[in-house]
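A quick write-up on the structure given underneath.
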Amino acid sequence: MPSVLPVGDPAPLDGLLPAQAAEGAAGREFCLYVHIPFCAVRCGYCDFNTYTAKELGSGASQAEYSGTVNSELDFAVKALAASGVPERKLSTVFFGGGTPTLLPAADLASILRRADQLWGLEAGAEVTTEANPDSVTPESLQTLADAGFTRVSFGMQSAVPHVLKVLDRTHDPERVPQAVAWARAAGLKVSLDLIYGTPGESMADWVASLEATIACSPDHISAYSLIIEDGTKLAAQIRRSEVAAIDDDDHADKYLKADEMLAAAGYTWYEVSNWARSDPDRCRHNLAYWRGADWWGAGPGAHSHMGGVRWWNVKHPAAYAQRLSTSVSPAAGRETLDGRTRQVEHIMLQTRIIDGLATAELGPEGRDAVAGLIAEGLLDGAAAIAGTVRLTLQGRLLADAVVRRLLGY
Amino acid sequence: MSPMARTAPVPAATDPAIIRNFCIIAHIDHGKSTLADRMLQLTGVVQPRDMKAQYLDRMDIERERGITIKSQAVRMPWELDGTAYALNMIDTPGHVDFTYEVSRSLAACEGAVLLVDAAQGIEAQTLANLYLAMENDLTIIPVLNKIDLPAAQPEKYAEELANLIGGDPEDVLKVSGKTGEGVEALLDKIVRDLPAPVGDANAPARAMIFDSVYDSYRGVVTYVRVVDGQLSPRERIQMMSTKASHELLEIGVSSPEPTPTKGLGVGEVGYLITGVKDVRQSKVGDTVTNYAKPAPESLGGYEDPKPMVFSGLYPIDGSDYPVLRDALDKLKLNDAALIYEPETSAALGFGFRVGFLGLLHLEITRERLEAEFGLDLISTAPNVVYQVTLEDKNVVTVTNPSEFPEGKVNEVREPMVSATILAPSEFVGAIMELCQSRRGQMKGMDYLSEDRVELRYWLPLAEIVFDFFDQLKSKTRGYASLDWKADGEQVADLVKVDILLQGEQVDAFSAITHRDKAYSYGVMMTSKLRELIPRQQFEVPIQAAIGSRIIARENIRAIRKDVLAKCYGGDISRKRKLLEKQKEGKKRMKMVGRVEVPQEAFIAALSSDESKDKAKK
């Protein structure tokens, strides 16, 4: 979640949603995202809305945090009911950050328990938490599993120490296989997150990271090219030429290498940056984002979506806590998307996933573009003939260009 | 000390003997407008409370840039030794692009105030206008301005002026337009030294048009100087060059607001309004006569304005083409020198090829189009007019590189200019080097004073239209001044260099250059474009070619990655907005074959500013 909030309309203090949010809600999945804005160390590349313990004053401390989030969940139930949104069980819950596992496992468990009390979890619901390899123990992972968590996503990033150092990651790469083993022992599914294209990372470094990842045999792997966000320490280091700039061609080479090695190890891509060992191993929570499901995002700076209404909370944990202490909606702004804009988002998001989208859903410009995109090797021709727009490997590397052409932009 | 005139002479009944017509010749920034303002105040035609700085410069752009484009005439009363006189101050444009207008303004006067900054000395353009004034037999009153400045060196520059026009340095008046010091003495001197106009009051009327201004309320306002006879309200007048006749709806003098009168007599200066809507029907330099009793001969000296520099003007947003057309039609009403015709560029779409008197004229026109009509424009590199003789002896006139004939040509002739450069003597070497690199031939060199030199060169116009003046300024730390006038043509080894993107010629980047410079142009343009054009999904070769011969080549590698790695819940709005921004950006893309070229690339590639490029590297 980038730290800069979008520009939108003001959000009402009572958290009431426009009528559009409730329309057709019964037919959509309902998910919960919980943002944990704490990190032990601020990483040089990260522009997420996170804080180290030292940066936060009273009223927003880690100790009080689960209570504050629980009060947002209470607020959410009332606001949704008052807005006429039908009651639904949660199909997925995702704890992201930040480093959720900086909170005691019991606190995470208490938030999950509150969500379960308020909405109920569907049978077989997916409950994930992100974690740093060095912020978990066998006991904490067992506590999470016992509380109903089903999945843990470790921020591994790289297996190469000098790359981890540029990223400001503190963990010992040796720690990752151990953490994975503990999670498995606790009965949790495991995902590993990787970052490629870090300044100074050679192709051999990247191959080493992929090999180490595959050796852990996780159920799911995400691999992201490093994005240099404005305002981060890394951006400043590159500007001052202390660190080499990133290179798109290097990113392309490494993406191709990742897909090749992961495919050989039995992982299949299902989104531009995500691979899974089997269909049930895909991250259902993230798929919900891409398929236009409804979700409530709790926590400072968290984004929510309900039937084409998007809103986002105030960024600072203190301001966030202050609002909830007076039963005021923590939303800072929102936007209500019209039909055309929802269609744009639909095409933008569906194109990135393996489901693709039906050619029939494209406008005339998009349908006209398909043949050219097949000829250029960016779309799967056989799939298109069968009525589905689906990216090829080359197309995944140029997905944004493909989306623009499908939209006639 | 002269008092303000108690009773001003009445227009249409003024004895020519008490009329004095003068202009002020000065370089930009030498304080002409401030001095003029001070005269308006001292003679009482503008009350102090109505005074605004540079009263006479009416157009916003003039006020903004502090330069005078359009001239005007103001009638001011002034009393000396008990006699009330009528002083007509005719304002002249100060820039080399408008030499013809200047010459017509000078022709309307008997004398000129030569105004020179006491801290800077005379500049080349002033020198040029001084020559014009002397050719018109004008009486010159040399004046040093800004004597209040600490850096003023009145003795030094009085010496310089006296050397130039002959006479005693003691006779050079020293004034300050800012404080008013010496301005009354100047007005007295104008009355004493300038001859009164002479003409035949009983002859058919002959009045010379020295300016013609379009006013959106009143139509064209024509400024004239009556030489013979009389013009009266409601009579029919005739323009001698076109034989067109109009009724005089209003006749009057500016003092400085337009004031209708019973007419204008011999030697008088004033304005005419006939209701015409286009300055082309009232051309500067033309002679106005009575329709019923026309003069047998015009005053002479009339010339059609001749554009020297051409540039393609294209709206960045193609749908603005009609707006640009209407805007040019409107500007034309007020600018007889502006000519244009529709032009199509494969790269830039629909636009106009526009002819200008010079680079300043181009810049001002472009600025007015953007400021007054809200247009965003691309202008192609300015070029001059070439005469190309083919093997079959046919001659083709080329005003646009794309018209340059393919295949064998016998010879190419290019327009030449005589340039005069004034600068401190320490820069002589640098200036000679610059002029030689621009294919100039030295015609002479004179020392105006111990440390100031006048260099005269014969140069191809094409070599000075681009960035010559900027280069000259930078090589002389801003001290050099330049004046030039068209002076014949020469045969030269000129070729057309084309720029090709993925094999497609981009007409907007074609240029006609000397063969010796073709390679450097090709290398400069291809490497510039390689920086400016974003990578595409395929490799894009950029080539420079003379005919079918490739002289330079660069490559834009294909883009391999165009995807945002992360697009989770909180990224979606941002990502969608980015898409919409890219969609807007796409509108500013021009397609050259399959290659998307951002407008910015065209603008940057066509801009002459090398210093910016250097700063980037």
Q: With just the Cα atoms of segment B:496-610, tell me how far they stretch along each of the three principal axes, in Å, largest first.
A: 60, 25, 23
**Q.** Order of exposure, largest accessible area first, which applies to B:E303, B:E110 with probe 1.4 Å
**A.** B:E303, B:E110
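Please report the net charge: other residues with Cβ closer than 9 Å to the Cβ of B:S510, K and R +1, D and E -1.
So the environment of B:S510 carries a net charge of -1.
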Q: Count neighbours as other Cβ atoms within 10 Å of each site's Cβ, and list the trypsin sites (Lys or Arg not before Pro) in segment B:337-421 that are DSSP loop with at most 12 such neighbours.
A: B:K393, B:K408
Q: Determine the distance separating the Cα centre of segment B:90-166 from the Cα centre of segment A:107-148; give it in Å without decimals.
A: 89
Q.
Give me the inter-chain shielding for A:248-255: mean count of other chain Cβ atoms within 10 Å, whole number please.
A. 4
**Q.** Approximate shape of segment B:314-457 as ellipsoid semi-axes (Cα gyration tensor, √5λ), whole Å, largest first
**A.** 35, 24, 13
Q. Given a cut-off of under 8 Å on Cα pairs at least six residues apart, what relative contact order in percent is computed for chain A?
A. 19
Q: Enter the Cα centre distance for the pair segment B:243-258 and segment B:526-562, rounded to the nearest angstrom.
A: 59
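Could you work out what % of the accessible surface of the protein assembly as shown is carbon and sulfur, using a 1.4 angstrom probe and leaving DNA, RNA and ligands out of the count?
For the protein assembly as shown, the apolar C and S fraction of the accessible surface comes to 51 percent.
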Q | Local electrostatic count, A:P317, Cβ distance below 10 Å [Lys/Arg +1, Asp/Glu -1] | A | -1
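Do the alpha carbons of any pairs in B:K178/B:K332; B:K32/B:K283; B:K146/B:K189; A:K165/A:K315 sit beyond 30 Å of each other, and which pairs?
Listed pairs above 30 Å: B:K178/B:K332.
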Q) Taking chain A as the region of interest, what is the percent of Cα-Cα pairs per 20 angstrom bin, listed from the shortest bin to the one with the maximum distance? A) 26, 60, 15, 0
Q: Give the residues of segment A:339-371 whose amide nitrogen is closer than 11 Å to a point set 7 Å from the Cα of A:A386 in the direction of its Cβ.
A: none
Q) Do the sum for chain A: with -39,500 (n - 2.57) for every DSSP H run of n ≥ 4, divided by all residues, what is the mean residue ellipticity at 222 nm, to the nearest 500 deg cm²/dmol? A) -11500 deg cm²/dmol
Q. Does segment A:1-118 come out rounded, prolate or oblate by the C-alpha gyration tensor, with a ≥ b ≥ c the root eigenvalues, rounded set by a/c under 1.5 and, if not, prolate when a/b is larger than b/c and oblate if not?
A. prolate
(Q) With only alpha-carbon atoms in the gyration tensor, what are the semi-axes of the equivalent ellipsoid for segment B:86-139, in Å, largest first? (A) 18, 14, 11
Q. Regarding the protein assembly as shown, what are the three Cα extents along the principal axes, ordered largest first, in Å?
A. 118, 71, 56
Q: Enter the mean number of other protein chain beta carbons within 10 Å of the beta carbon of each residue in A:395-401, as an integer.
A: 5
**Q.** Rounded to the nearest 10 Å², the accessible area of B:L313 at probe 1.4 Å
**A.** 0
Q. P(r) of segment A:131-281 in 5 Å steps, Cα pairs, percent per bin?
A. 2, 10, 19, 20, 19, 15, 9, 5, 2, 0
Q: May I ask for the angle, rounded to the nearest 10°, between helix B:515-532 and the longest principal axis of chain B, with both axes built from Cα atoms and the value confined to 0 to 90°?
A: 70
**Q.** Approximate spin-label separation A:V7-B:Y131, in nm, with each point projected 7 Å along Cα-to-Cβ
**A.** 5.7
Q: Compute the acute angle (0 to 90°) between the alpha-carbon long axis of helix B:572-587 and the principal axis of greatest extent of the alpha-carbon atoms of chain B; round to the nearest 10°.
A: 60
Q. Using a 1.4 Å probe on protein heavy atoms only, how many Å² of accessible area do B and A hide from each other, summed over both chains and rounded to 100?
A. 3500
Q) Gap in Å between the Cα centre of segment B:392-437 and the Cα centre of segment B:265-336? A) 29
(Q) Using a 1.4 Å probe on the protein heavy atoms only, what accessible surface does B:K178 show? Give it in Å² to the nearest 10. (A) 150
(Q) Using a 1.4 angstrom probe on the protein heavy atoms only, could you order B:H514, B:H30 from most to least accessible area? (A) B:H514, B:H30
Q: Could you state the angle between the C-alpha long axis of helix B:321-333 and the longest principal axis of the C-alpha atoms of chain B, as a value from 0 to 90 degrees rounded to the nearest 10?
A: 20
(Q) Rg/Rh for chain B to two decimals, with Rh computed the Kirkwood way over all alpha-carbon pairs. (A) 1.03
Q. In terms of solvent-accessible area of protein heavy atoms at a 1.4 angstrom probe, what is the ranking of B:Y321, A:Y270, highest value first?
A. B:Y321, A:Y270
**Q.** Expected-Rg normalisation [2.2 N^0.38 Å, Cα atoms] applied to segment B:206-290
**A.** 0.93
Q | Helix-only mean residue ellipticity at 222 nm for chain B, each DSSP H run of n ≥ 4 adding -39500 (n - 2.57), per residue, nearest 500 | A | -8000 deg cm²/dmol
Q: Hydropathy first: keep DSSP H helices in chain A averaging at least 0.0 on Kyte-Doolittle, then drop any whose Cα extent along the axis falls short of 30 Å, and list what survives.
A: A:62-82
**Q.** Spherically averaged projected area in nm², based on the convex hull that wraps the Cα atoms of segment B:309-380
**A.** 4.1
Q: Measure off 7 Å from each Cα along the Cα-to-Cβ vector at A:A263 and B:S548, then give the distance between these two points in nanometres to one decimal.
A: 4.4
Q. Per residue of A:347-355, what is the mean number of Cβ atoms on other protein chains within 10 angstrom of that residue's Cβ?
A. 2
Q) From Cα coordinates alone, what are the radius of gyration and Dmax values for segment B:387-491 in angstrom? A) 16.5, 55
Q.
Please compute the per residue accessible area over the protein assembly as shown with all protein chains in place, 1.4 Å probe, rounded to a whole number of Å².
A. 40
Q: Report, to two decimal places, the Cα Rg of segment B:133-203 normalised by 2.2 N^0.38 Å (N = number of residues).
A: 1.34
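The values are calculated or read from the model by the stated rules, or taken from the named source; none is laboratory data. This structure is a prediction, so every number in the text was calculated from the model and none was measured. Methodologically, a virtual Cβ is constructed for each residue, glycine included, from the backbone with ideal geometry; neighbour enumeration extends over all protein chains shown. For the accessible areas, the whole protein counts, side chains as well, though only heavy atoms, and no ligand, DNA or RNA atoms are used. Shrake-Rupley method; radii C 1.70, N 1.55, O 1.52, S 1.80 Å.
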